[in-house]
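Participant: Input: one structure, supplied below.
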Amino acid sequence: MAPAIAIGSAFDNGHSVSMSGDTILEASGLTKEFKGFVAVSNVDLKVRRGSIHALIGPNGAGKTTCFNLLTKFLQPTRGSIHYNGQDITAMQPADIARLGLVRSFQISAVFPKMTALENVRIALQRRRGDSFDFWRSERALTEFDDEALALLADVGLTEFSATLAGELPYGRKRALEIATTLALNPEMLLLDEPMAGMTQQDIDRISALIRRIAANRTIFMVEHNLSVVASLSDRITVLARGEVLAEGDYATVSKDPRVVEAYIGAGHA
């Protein structure tokens, strides 16, 4: 069943974006082919610095492929990607992460046998770029604890700092993943379906978290939950059959007849 899309809905998400803000991430003519199948076709995309930008579309629209291209987990067949004016088309994920462009994953990526505090501490160690940290004593690594605890507090996990990550409820695991991502101090954060599989309570909690962290970062997210998209996003790009179908704020795209037809058609496919 296709997700409901509220026709003509307007919203005020409380997240202001400077109209003079520049482009932080830009894709031009982005195309990905798999043995003759075109998953993403000639996508042009601009993400404004300081905004929350959502990528949506019905099932099979090419959202995941596009997201993986932007985060360099796939190489494009054609097209280019620029981050802060630098061509990153041929770069690897680790290289763009060092530039400040960091992604999360749809499946929570934490170390289940380590505590929440230890998970965040590992991310802080990684930011130092010193692989020998893993061979240092436990006492030496406690220098990261204050910062790790501050990040856990930012995502509402203070009381879970000593809990093994594998024992955390699903929504808390996603919050922990965001904390470890924030530990890398990204300028731009890319979220892959951050609300997938969550209860409404968890959705409300993570939505509030995204609003907080967006205060001084750019957020780009793929998300199926259109209520979340409506409440959080400054700008939305709609994909259908691998192509950009519409772009604008939620009030604009939700009234676009092509967008309505894409979702209704997907629901009856």
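Every number here is computed from the coordinates shown, using simple stated rules; none is lab data. Note that the structure is predicted; figures quoted are calculated from it, not measured. Positions of Cβ are generated from backbone atoms using ideal geometry, with glycine treated the same way; all protein chains shown enter the neighbour counts.
Participant: Could you tell me whether segment 19-60 comes out rounded, prolate or oblate from its Cα gyration tensor? Rule is a ≥ b ≥ c as square roots of the eigenvalues, rounded for a/c under 1.5, then prolate if a/b exceeds b/c, otherwise oblate.
Facilitator: Note, shape of segment 19-60 comes out oblate.
Participant: Hey, another quick one. What are the ³J(HN,Hα) couplings of segment 180-193, residue after residue, when phi is run through the Karplus curve with 6.51, -1.76, 1.60 and θ = phi - 60°? Round to Hz, x for glycine and proline.
Facilitator: 5, 5, 5, 4, 7, 6, x, 7, 9, 10, 10, 10, 9, 6
Participant: Given the peptides 195-205, 168-178, arrange them by the average over their residues of other C-beta atoms within 10 Å, most packed first.
Facilitator: Peptide ranking by packing, descending: 168-178, 195-205.
Participant: Can you compute the modelled spin-label distance between GLN75 and GLU167, with each label point 7 Å from Cα toward Cβ, in nm?
Facilitator: Calculated label separation equals 4.5 nm.
Participant: For a quick check: with amide H placed at 1.01 Å from N, whose amide H comes under 5 Å from LEU239's, ignoring anything fewer than 5 positions away on the same chain?
Facilitator: Those qualifying (amide H under 5 Å, at least 5 residues apart or on another chain) are ILE56, GLY57, LEU245.
Participant: Can you list residues whose amide H is under 5 Å from THR23's amide H, if they're 5+ apart or on another chain and H is modeled 1.01 Å from N?
Facilitator: Placed amide hydrogens put ARG49 under 5 Å from THR23.
Participant: Taking amide H positions as placed 1.01 Å from N in the peptide plane, with prolines and chain starts having none, which residues 5 or more places from MET221, or on another chain, fall under 5 Å of its amide H?
Facilitator: Those lying under 5 Å, H to H, from MET221 are HIS53, ALA54, LEU55, LEU191.
Participant: Something else: Using the Karplus curve 6.51 cos²θ - 1.76 cosθ + 1.60 with θ = phi - 60°, work out ³J(HN,Hα) for each residue of segment 79-94 in order, rounded to whole Hz, and write x for Gly and Pro.
Facilitator: x, 9, 10, 10, 10, 6, x, 9, 6, 10, 3, 9, 7, 8, x, 5
Participant: Which whole-number percent is the relative contact order of segment 159-269 (Cα, under 8 Å, 6+ apart)?
Facilitator: Computed value for segment 159-269: 18 percent relative contact order.
Participant: Mind listing the phi-derived Karplus ³J(HN,Hα) values for segment 39-53, rounded to whole Hz, using 6.51, -1.76 and 1.60 with θ = phi - 60°, and x for any glycine or proline?
Facilitator: Karplus values, whole Hz, x for Gly and Pro: 7, 9, 10, 6, 7, 10, 8, 10, 10, 7, 4, x, 9, 10, 10.
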